[in-house]
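Asks: Shown below is the structure under consideration.
Computed from the coordinates by the stated procedures, all read-outs in this text should not be read as laboratory data. Not measured: the values here are computed from a predicted model. Glycine also receives a Cβ, built like all others from the backbone with ideal geometry; neighbour counts cover every protein chain displayed.
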Amino acid sequence: MSYLVLARKYRPQSFEDLVGQDHVTRTLANAIKTGRVAHAILFTGVRGVGKTTSARLLAKCLACVGPDATRTEPTSTPCQVCSPCREIATGADLDVQEIDGASYNGVDEVRRLQEGLAFRPARDRYKIYIVDEVHMLSTAAWNAFLKTLEEPPPHVKFIFATTEVHKVPVTILSRCQRYDFKLISAQTITKRLHEVLAAEKIEADDDAVGVLAREAAGSMRDAMSLLDQVIAFQSDRLTGADVARVLGVADRTILHELAGALVGGDAAAALRVIDRLAQQSFDLVHVSKDVLRHLRNLVVAKVCGEGAKELLDMADEELRDTGELASKADTDDLVRLYQGFSRGFDDIARSGHPRASLEMALVRLARRPPLLPLDELLVRIGELEKRLATGAPPPAGPRGGAAGGGGGGRPTRTTTVTNVEPESFPVVGVPAALALALAPAPALTPVVVARQPVSMATPVQPVQSKGADLDAWRAILATVRGSSPALASVLEHGVPLECGPGRVVLGYTNAFLSDQVKEPEHFARLTREVRAYFGAPTEIALDLTGSRTDIQSVATQEQARRQALTEAARRKAVGHPLIAAVVRLFGAEIRDLRLPVSD
């Protein structure tokens with residue numbers, strides 16, 4: 001005797017047996033009870049969710065005459081023992097015709113069908129035509145169906161089934177009652193598989209059934225087919241490892257281990273997992289798809305917390321492990337992991353060497369730099385502006401106070417991000433280019449503080465407290481800015497200790513800025529502009545001692561002026577009646593105020 005596959009052996013025989021489609025079974029059962037069954041019904045949905053099975057069940061309900069053959073009306077609970085019920089289950093009922101739309105798709109076939117519609121059914125209450133894969137009908141066949149489908153004889157019922165409803169003409173859709181079949185949840189599939197395994201007297205652990213339910217992707221028929229395949233490999237007891245090995249997919253434990261390596265930044269552990277999968281001949285493209293889905297589950301578990309159970313179609317134990325792993329990472333970091341792996345997945349699927357592509361994607365994700373909050377970046381910008389304005393040196397490294405003591409280590413909360421791919425690892429809240437520009441670097445090597453002004457030409461005597469002509473210095477800066485704005489921005493941070501026809505002395509405490517001034521090209525330009533302004537062979541010198549704190553640079557004075565103007569404008573804005581009304585009406589607050597550039 002030939003073997004009957006599980007999908008056919010355990011095919012639902014009543015609406016109560018059909019799982020995962022309660023919205024369809026309830027509607028059809030109520031329509032039968034109230035006598036409101038439409039003459040044309042369209043079932044649509046993905047493969048293996050019960051469309052053709054529901055069509056047969058509906059045919060049973062319409063044809064059942066009861067165990068004693070005395071029933072005169074359709075019923076929503078067929079008896080399963082009368083001749084119509086048994087013949088419909090085996091496909092032998094003369095009044096219920098199942099037609100394959102792929103082979104019965106021409107206009108001539110539709111015309112032959114129409115010729116037989118006028119004849120009464122041989123035994124049953126209705127002539128029922130079940131057309132599977134109805135989207136395969138030709139345009140001419142559909143046009144021939146239009147009039148018949150709109151006004152068929154009262155003893156005729158049409159039941160259509162299709163996986164591609166978008167190919168069905170709208171003129172046909174408007175003549176049918178449409179029922180959309182949903183994907184069956186993994187929990188529902190798991191429960192049904194346990195029932196089938198119990199009936200077959202086969203033991204299986206939860207991991208094995210979980211892998212089967214996940215790989216079924218919402219299709220009960222696919223789940224039954226996969227179960228048949230796994231039973232053929234190991235018929236006494238099914239384990240998660242056996243199922244994963246037969247199907248070539250990663251089980252829950254492996255996915256959790258791989259995701260944990262990514263979250264923890266352990267690239268070596270991730271590579272070891274991939275090597276173990278490759279040694280066992282797993283389909284790495286399929287594994288990548290499962291990893292992507294698992295990363296999505298981590299994001300959902302992190303965002304929804306206790307409410308994630310409704311959105312994550314998984315067992316309680318797996319849900320608990322997913323929640324624990326998600327709690328170890330930040331939400332933005334998990335989203336970044338998903339986005340990075342999603343972009344890498346396309347390369348893995350198209351690559352001729354999927355293992356190498358998968359490994360490089362995992363290494364890149366595991367070695368991702370930490371996220372920098374936008375507030376922290378703004379604080380760093382403010383500190384940088386203050387240092388440039390005051391000429392203060394950068395803060396010392398974490399190894400000691402003096403920069404020369406320990407070689408200038410990296411700050412404790414600092415990670416260099418020069419190797420970041422901006423598209424794969426965006427910094428939340430700021431453009432990637434800005435994040436790279438603001439990434440802190442190791443402390444600068446300290447310069448030797450000069451005990452006296454340093455001249456680029458000949459040594460000069462120590463600076464005397466002669467004061468400086470600030471108006472002359474501002475005029476020189478304006479001239480330099482016209483020819484070299486970059487040099488002018490460096491010069492305006494220098495403190496004009498002396499500024500006269502005989503000598504100009506600039507004070508710097510920042511070695512970087514003073515080195516810029518000492519560049520031969522810059523120094524020559526400054527000398528040329530100063531001597532042109534005074535009309536004399538003025539000498540230029542630099543003082544690196546930082547001994548004069550009573551004189552401010554032009555940049556510092558300008559910053560103080562802008563701050564005063566901003567504060568005055570803020571006071572004026574706060575007191576304005578319209579702004580006060582807006583703050584009061586919307587519960588707002590003034591976060592920032594910017595002056596025009598001309599100010």
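Asks: In what sequence, highest mean first, do 82-93, 251-262 appear when ranked by Cβ atoms within 10 angstrom?
Replies: Packing proxy ranking, top to bottom: 251-262, 82-93.
Asks: Using packing as a proxy for protection, rank 475-485, 583-593 so that the peptide with the highest average count of other Cβ atoms within 10 Å comes first.
Replies: Result, highest mean first: 475-485, 583-593.
Asks: Could I ask something else about it? Could you run the Karplus curve 6.51 cos²θ - 1.76 cosθ + 1.60 with θ = phi - 60° over the stretch 40-52 and give me ³J(HN,Hα) per residue in whole Hz, x for Gly and Pro?
Replies: Working through the residues one at a time gives 9, 10, 10, 9, 9, x, 6, 5, x, 10, x, 5, 5 Hz.
Asks: Of the cross-linked pairs LYS191/LYS302; LYS289/LYS328; LYS289/LYS309; LYS51/LYS201; LYS51/LYS147; LYS60/LYS157, which ones have a Cα-Cα span greater than 19 Å in the structure shown?
Replies: The pairs that break the limit, which is 19 Å between Cα atoms, are LYS191/LYS302; LYS289/LYS328; LYS289/LYS309; LYS51/LYS201; LYS51/LYS147.
Asks: Okay, next question. Determine ³J(HN,Hα), in whole Hz, for all residues of the stretch 243-250 in sequence, where each value follows from phi through the Karplus function 6.51 cos²θ - 1.76 cosθ + 1.60 and θ = phi - 60°; x replaces Gly and Pro.
Replies: Per-residue couplings from phi come out as 5, 5, 5, 5, 7, x, 10, 8 Hz.
Asks: Additional query: If you plug each phi of the stretch 117-134 into the Karplus form 6.51 cos²θ - 1.76 cosθ + 1.60 with θ = phi - 60°, what whole-Hz ³J(HN,Hα) values come out, in order, with x for Gly and Pro?
Replies: For the stretch 117-134, the Karplus curve yields 5, 6, 7, 5, x, 5, 9, 6, 6, 10, 8, 10, 10, 9, 10, 8, 6, 5 Hz.
Asks: Further question: Take the Cβ-Cβ distance between GLN234 and LEU94 as r, set R0 to 41 Å, and report the resulting FRET efficiency rounded to the nearest 0.05.
Replies: 0.40
Asks: Next question, about the same structure. Please find the FRET efficiency linking SER83 to ARG367, where r is the Cβ-Cβ separation and R0 is fixed at 60 Å, and quote it to the nearest 0.05. Write out the running numbers ahead of the final one.
Replies: Values: r = 70 Å, r/R0 = 1.17.
Once the sixth-power term is evaluated, E becomes 0.30.
Asks: Net charge near ALA488: determine it from the other residues with C-beta under 13 Å of the C-beta of ALA488, scoring Lys and Arg +1 and Asp and Glu -1.
Replies: Around ALA488, the charge tally is 0.
Asks: Any idea how far apart LYS182 and GLU376 come out in nm if each label point goes 7 Å out from Cα toward Cβ?
Replies: 4.3
Asks: Give the shape of the stretch 1-137 as rounded, prolate or oblate, defined through the alpha-carbon gyration tensor: a ≥ b ≥ c are the square roots of its eigenvalues, a/c under 1.5 means rounded, and otherwise the shape is prolate if a/b is larger than b/c and oblate if not.
Replies: Taking the square roots of the gyration eigenvalues as a ≥ b ≥ c, the stretch 1-137 is rounded.
Asks: Oh, and also: Starting from the Cα of LYS518, draw a straight line to each of the aspartates and glutamates and keep only those under 13 Å, dropping any in the same chain fewer than 8 residues away.
Replies: Candidates past the 8-residue exclusion: ASP543.
Asks: If you average the C-alpha positions of the stretch 303-360 and of the stretch 114-160 separately, how far apart do those two centres end up, in angstrom?
Replies: What the calculation gives is 48 Å, centre to centre.
Asks: If I model a spin label at ARG272 and ARG320 as a point 7 Å from the Cα along the Cα→Cβ vector, what separation in nanometres do I get?
Replies: Between ARG272 and ARG320, the label points sit 2.6 nm apart.
Asks: Would you mind estimating how fast the stretch 464-545 diffuses translationally, via Stokes-Einstein at 25 °C and 0.890 mPa s with the Kirkwood radius over Cα pairs, in µm²/s?
Replies: Here the translational diffusion coefficient equals 197 µm²/s.
Asks: Computed FRET efficiency, Cβ-Cβ of MET360 and ASP68, R0 56 Å: what is it to the nearest 0.05? Show your work: numbers first, answer last.
Replies: Values: r = 72 Å, r/R0 = 1.28.
The pair MET360/ASP68 has a calculated efficiency of 0.20.
Asks: Search the structure for amide H atoms under 5 Å from the amide H of GLY507, placed 1.01 Å from N in the peptide plane, and list their residues when 5 or more places away or on another chain.
Replies: Correct list: VAL495, LEU497, ASP543.
Asks: Net charge within 13 Å of LYS51 by Cβ-Cβ distance, Lys/Arg positive one each and Asp/Glu negative one each, not counting LYS51 itself?
Replies: Overall, the nearby charge balance is +1.
Asks: Summing Lys, Arg as +1 and Asp, Glu as -1, what charge do residues with Cβ under 11 Å from the Cβ of LEU542 carry, LEU542 excluded?
Replies: -1
Asks: Also, I was wondering about something else. Spin-label point model (7 Å from Cα, Cβ direction): what's the THR139 to ARG584 distance in nm?
Replies: 6.9
Asks: Where does each of 184-193, 568-577, 519-528 land if you order them by average Cβ count within 10 Å, highest first? Kindly include the intermediate steps, with their values, before the conclusion.
Replies: Working: 184-193: 20.6, 568-577: 11.1, 519-528: 14.5.
Ranked from most to least packed, the peptides come out as 184-193, 519-528, 568-577.
Asks: Moving on. Quick one: which residues, 5+ away or cross-chain, put their amide H under 5 Å from the amide H of ILE41? H built at 1.01 Å from N.
Replies: PHE158, ILE159, PHE160, GLN177
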